[in-house]
Amino acid sequence: MKNIFSPIRNSKGQSLVETALVLPLLLLIVFGTIEFGRVFNAYLVVSNASREGARAAAVGKSNSEITTMATDKAAFIGTVSVTISPSDSRPYGSEVTVTVNHTLNLIVPIIRTIIAPSGSLNVSSSTSMRVESE
C-alpha cells in the first residue's frame, strides 16, 4: 500500500511546468540581445559612414563624392540618406556637417512592440569637421 503522506512524490510534470514558466523569459532575453546587437551594429556603421563623409567634405570633395563615399561605407546595412550642411560652398576654416540616417526594421515582434511600435527604428549619426582646403 502506498503512503500518500510520503515526502517523495511523483514529480514527472514539475520540470515541464518550470520550463513553461522560464522559457518565454529566456527567449525574450536571447532575442532582445540579438536585436540590440543589430541596432548597435547599424549605429556603428552609420557613425563610421558620417565620419568618412565629413572627412571627405573637409578635404574639399564635391557633394556627389561625399554622398557616394558615405553610402559605400554604409552599404552593409542597406540604404541610407546623407545630408550635407552647408551644401553649396564651404570656405576654408568653416565647419561642415554630414548626417547619415538609416531606417532599421526590427525583426522580433515582442521587442518591436516594446521599442518601436511602428516596426522600424531610425538610426542617425552626425559628424562635423573643419574645412581644410577650398
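What follows is calculated from the coordinates using simple rules that are stated; it is not laboratory data. Just so it is clear, the model here is predicted, and its values are computed rather than measured. Note that each Cβ is placed from the backbone with ideal geometry, even for glycine, and that neighbours are counted across all protein chains shown.
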Using 1/(1 + (r/R0)^6) with R0 = 41 angstrom and r between the beta carbons of S62 and S118, what's the FRET efficiency to the nearest 0.05? 0.70
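So what is Rg over Rh here for the chain, counting just Cα atoms and using Kirkwood for Rh?
On the way: Rg = 25.8 Å, Rh = 18.2 Å.
Computed over Cα atoms, the ratio is 1.42.
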Segment L44-F76, length gained on full extension (0.36 nm per residue, minus Cα span): 10.4 nm
Sort out the exposed loop trypsin sites (Lys or Arg not before Pro) in the chain (DSSP loop, at most 10 other Cβ within 10 Å) and tell me the longest stretch that has none. 13-134
Efficiency of FRET from Cβ geometry, L25 and S87, R₀ 35 Å, rounded to 0.05: 0.10
Using the count of nearby Cβ atoms within 10 Å as a rough guide to exposure, how do D72, D88 rank from fewest to most? D88, D72
With charges only on Cβ, +1 for K and R and -1 for D and E, what is the dipole size of the chain about its Cα centre, in debye, rounded to 20? 820 debye
